[in-house]
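The values are calculated or read from the model by the stated rules, or taken from the named source; none is laboratory data. What you see is a predicted model; the values in this text were computed from it and never measured. Every residue, glycine as well, gets a Cβ built from its backbone with ideal geometry; the counts of neighbours run over all protein chains shown.
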Amino acid sequence: MLNENIKAIRKSKGLSQQELAIKLNVVRQTVSKWEQGLSVPDSDMLISISEVLETPVSILLGENVIVSKVDDLKAISEKLEVINLQLAQRKTTRKRILYWLLISLWVAIIAIFAILLALESPYLGWDYSVPESAVLGVAFHSLEWLFVRVAPIIFIITTIGIFLMQKKE
């Protein structure tokens, strides 16, 4: 009876032999032997099994456990409902993160343009006969040139992305 009860309760909880074995810190073959009636767990292990399966030891040792199909379907539907809620929350969270990343990028582009306008490219007045200032001046000019060419495209794409995400919500 013990072997049949362990197997029936394990299955009703939706656990595989491997999952039960991991929770009990034994190998899967041990669980298999218990369920086949080839061996029995000692008293400490029986207590651990009852805790993992959330079932009193007396039920494990008692008569056959009859698990109804309605309970199985109800448990499965409840698990699926929880999974669906978790997936919906993840999707909402990802959308929120993407939305705020787009807004942050949009604000950063505007801020960098404002800074570049305010600074009016001061490196153009540097003394380029000194190698260090020549290298830094060329680097600043390259970054500014690249930013002024690429930023408007990114700005337009982020604006469209923000608009489309607002529309979906």
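Being among the hydroxyl-bearing types (Ser, Thr, Tyr) and part of a helix (DSSP H, G or I) is the filter; apply it to the stretch 13-55 and report the residue that is nearest to residue 78 (Cα to Cα). So that I can check it myself, show each step before the final result.
First pass over the stretch 13-55, keeping only residues among the hydroxyl-bearing types (Ser, Thr, Tyr): 16, 30, 32, 39, 43, 48, 50, 55.
Cutting the leftovers down to part of a helix (DSSP H, G or I) gives us 30, 32, 43, 48, 50.
Numbers: 30: 30, 32: 28, 43: 33, 48: 26, 50: 23 Å.
For the stretch 13-55, the residue satisfying everything is 50.
Is there any pair with a first residue in the stretch 10-37 that is closer than 17 Å to residue 54 by Cα and in the same structural domain as residue 59 (by TED's automatic domain parsing) and a second that is surrounded by 15 or more Cβ atoms within 10 Å (Cβ to Cβ) and small (Gly, Ala, Ser) whose Cβ atoms are under 6 Å apart and which are 6 or more apart or on different chains, and what are they?
Short answer, once both residue conditions are applied: 17/32; 24/48; 31/21.
Determine the pairs where a residue that is without any contact (Cβ under 8 Å) to a residue 12 or more places away in the chain and loosely packed, with under 12 Cβ neighbours inside 10 Å, located within the stretch 144-160, has a partner that is of a type in the set (Phe, Trp, Tyr) and assigned to a helix (DSSP H, G or I) with Cβ atoms under 9 Å apart, the partner being 6 or more residues away or on another chain.
Going by the 9 Å Cβ cut-off, there are no qualifying pairs.
Can residue 111 be described as without any contact (Cβ under 8 Å) to a residue 24 or more places away in the chain and of a type outside the set (Lys, Arg)?
Yes.
Among the listed residues 106, 100, which satisfies the condition of being aromatic (Phe, Trp, Tyr), loosely packed, with under 14 Cβ neighbours inside 10 Å and out of contact with any His (no Cβ under 9 Å at 6 or more places or on another chain)?
Step by step, each of 106, 100 is checked, and only 100 is aromatic (Phe, Trp, Tyr), loosely packed, with under 14 Cβ neighbours inside 10 Å and out of contact with any His (no Cβ under 9 Å at 6 or more places or on another chain).
Quick one: is residue 66 of a type in the set (Val, Ile, Thr) and either at pLDDT 85 or above or assigned to a helix (DSSP H, G or I) (or both)?
Working: of a type in the set (Val, Ile, Thr): yes; either at pLDDT 85 or above or assigned to a helix (DSSP H, G or I) (or both): no.
Considered against the rule, which asks whether it is of a type in the set (Val, Ile, Thr) and either at pLDDT 85 or above or assigned to a helix (DSSP H, G or I) (or both), residue 66 comes out as no.
Please count how many residues of the stretch 103-147 are among the hydroxyl-bearing types (Ser, Thr, Tyr) and outside any helix (DSSP H, G or I).
3
So for the stretch 1-12 (the condition being over 29 Å from residue 77 (Cα atoms) and modelled with pLDDT under 85), does at least one residue qualify? Walk me through how you get there before you give the answer.
In the first step, residues of the stretch 1-12 are kept if they are over 29 Å from residue 77 (Cα atoms); the result is 1.
Those left that are additionally modelled with pLDDT under 85: 1.
Within the stretch 1-12, one or more residues are over 29 Å from residue 77 (Cα atoms) and modelled with pLDDT under 85.
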